[in-house]
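A short worksheet on the structure shown next.
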Amino acid sequence: MDFEEYASARGQELVRLGFTVSGDYQRAEDLAQIALMQAFRSWRKVQKADDPHTYVRRILINSYLSMTRRRSFTEAPAAEIDTDHTVPDPATDIVNSDDLWRALATLSARERVVLVLRYYQDMDDRTIADLLGIKPSSVRATASRALAALRKTRQSHRVDERLP
Amino acid sequence: MSKTELEEDLRATFERAAASVPLAPDLAGRATTGVRQAQRRTWIASGAAAAAIAVVAGVGFSLNHGSTSPPPTPVASKPTAAVTTAAVTTAQALAGTWRPVKLNGFTTLKVGRPDDPTLTFRSDGTWTGSDGCNSLAGTFTIGQRGEFTSHADGQRLIECGNVPHTAVLAAARRISTDQATLRFYAGDGREVAIYARTR
């Protein structure tokens, strides 16, 4: 499979993966493009990997985690918001109503990535550990912590709904 | 809520979110074009660097081997005109790396980007930078009273809420700077942007 065939077949999957980890469509497309550009630069090496798609997904995930470690990575709104020039995100309406989607935004980047790889990409803990360069026990601990946080958030929301 | 129920909800939420993502057009073309253009820029830069080294080496060779022509006048000798002195001084004051603090009409400076969106000016009249995810480069001139012109040869390849440095530089007709702050002004005197020195 040459690069163009791979990108045509799996590119959109990468954008979706980028969206599930970042929650931002613009960033998802950038992450997919960064991953594809890096893969294209070393395509021979990517092709030789056991699973080229996992190799490219690793690039995307690591790019996202590197991005979140930067000091400038914030979602704080600017002081002067020009609503006339904001670009509507077509994904926003669909997912905004989902409490669980909102709760995911409160997790750390690594916790969210682990959950996405486990429950969206259906990877086992060993594969996730290999992809992130950590131990399987760390994956289990991170996932457990993230699930506990989500459960707590959902329970507190349900209590809030019962209040007058 | 049981763990299994939460896990099922998570799967459904991720699937729903992923399904909502609009189709991104021509990802393969954009990736290959971006890499090839970056490689072309690298080749051009490498060629220019090689040519410069060859020129310097040639000059050094001729000086060391008894060239009959008179030695070149030292560049840093007495300035020949007040304009030259002022321009060099101002360019030196501008030299360094600056981060955007306020750009008129641009409201999403604080959004996270792959790279820090900075501008670096050098006293040789060149500038480089990043709009957050693309490398930028160009040249600039500074006049006696802060008159400013610039040329950009960068190209935007990746979208990331790109900081419009090139638009600021294109609109700027005058600059003022102190140790910590750099201000760009349009031709009608309006302030276009404020940058702060990073180092």
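Residue by residue through the stretch A:4-26, note down the ones that are at the interface with chain B (Cβ under 7 Å from one of its Cβ atoms), surrounded by 20 or more Cβ atoms within 10 Å (Cβ to Cβ) and either touching a Pro at 6+ places or on another chain (Cβ under 9 Å) or touching a residue at least 40 places away in the same chain (Cβ under 8 Å) (or both).
The answer is A:Val15, A:Phe19, A:Thr20, A:Tyr25.
Go through the stretch B:125-166 and report how many residues are within 14 Å of chain A (Cβ to nearest Cβ) and aliphatic (A, V, I, L, M).
3
Considering only residues that are within 15 Å of the chain's Cα centre (by Cα), modelled with pLDDT of 85 or more and open to solvent by 70 Å² or more (accessible area, probe 1.4 Å), which ones fall in the stretch B:73-126?
Residues satisfying the conditions are B:Arg99, B:Arg122.
Of the numbered conditions (1) touching a strand residue (DSSP E or B) at 6+ places or on another chain (Cβ under 7 Å); (2) farther than 14 Å from B:Gln92 by Cα, B:Gly112 satisfies every one except a single condition; which is it?
Every listed condition holds for B:Gly112 apart from (1).
Is it the case that some residue within the stretch A:131-154 is exposed (fewer than 14 other Cβ atoms within 10 Å of the Cβ), of a type outside the set (Lys, Arg) and modelled with pLDDT under 90?
No, there is no match, as no residue in the stretch A:131-154 is exposed (fewer than 14 other Cβ atoms within 10 Å of the Cβ), of a type outside the set (Lys, Arg) and modelled with pLDDT under 90.
Scanning for something within 14 Å of chain A (Cβ to nearest Cβ), under 27 Å from A:Glu29 (Cα atoms) and in contact with a strand residue (DSSP E or B) (Cβ under 7 Å, 6 or more places away or on another chain), does the stretch B:167-182 turn up at least one residue?
There is no residue in the stretch B:167-182 that is within 14 Å of chain A (Cβ to nearest Cβ), under 27 Å from A:Glu29 (Cα atoms) and in contact with a strand residue (DSSP E or B) (Cβ under 7 Å, 6 or more places away or on another chain).
Restricted to the stretch A:31-49, and to residues that are open to solvent by less than 10 Å² (accessible area, probe 1.4 Å) and not small (Gly, Ala, Ser), which residue is farthest from the other protein chains (Cβ to nearest Cβ)?
If we take residues in the stretch A:31-49 being open to solvent by less than 10 Å² (accessible area, probe 1.4 Å) and not small (Gly, Ala, Ser), then A:Val46 is farthest from the other protein chains (Cβ to nearest Cβ).
Quick one: which residue in B:Arg16, B:Arg30, B:Arg11 is in a helix (DSSP H, G or I), facing chain A (nearest Cβ under 8 Å), at pLDDT 80 or above and farther than 30 Å from A:Arg102 by Cβ?
Going through B:Arg16, B:Arg30, B:Arg11 in turn, the sole match is B:Arg30.
Give all pairs with beta carbons closer than 8 Å in which a residue from the stretch B:165-189 that is of a type in the set (S, T, N, Q) meets a residue that is open to solvent by less than 40 Å² (accessible area, probe 1.4 Å) and assigned to a helix (DSSP H, G or I); count only pairs at least 6 apart in sequence or on separate chains.
B:Thr177/B:Thr90; B:Thr177/B:Leu94
The values are calculated or read from the model by the stated rules, or taken from the named source; none is laboratory data. All of these numbers come straight from a predicted model, not from anything done at the bench. Here Cβ is always computed from backbone atoms with ideal geometry, including for glycine, and neighbour counts include all displayed protein chains. Heavy atoms of the whole protein, side chains included, go into the accessibility calculation; ligands, DNA and RNA do not. Shrake-Rupley method; radii C 1.70, N 1.55, O 1.52, S 1.80 Å.
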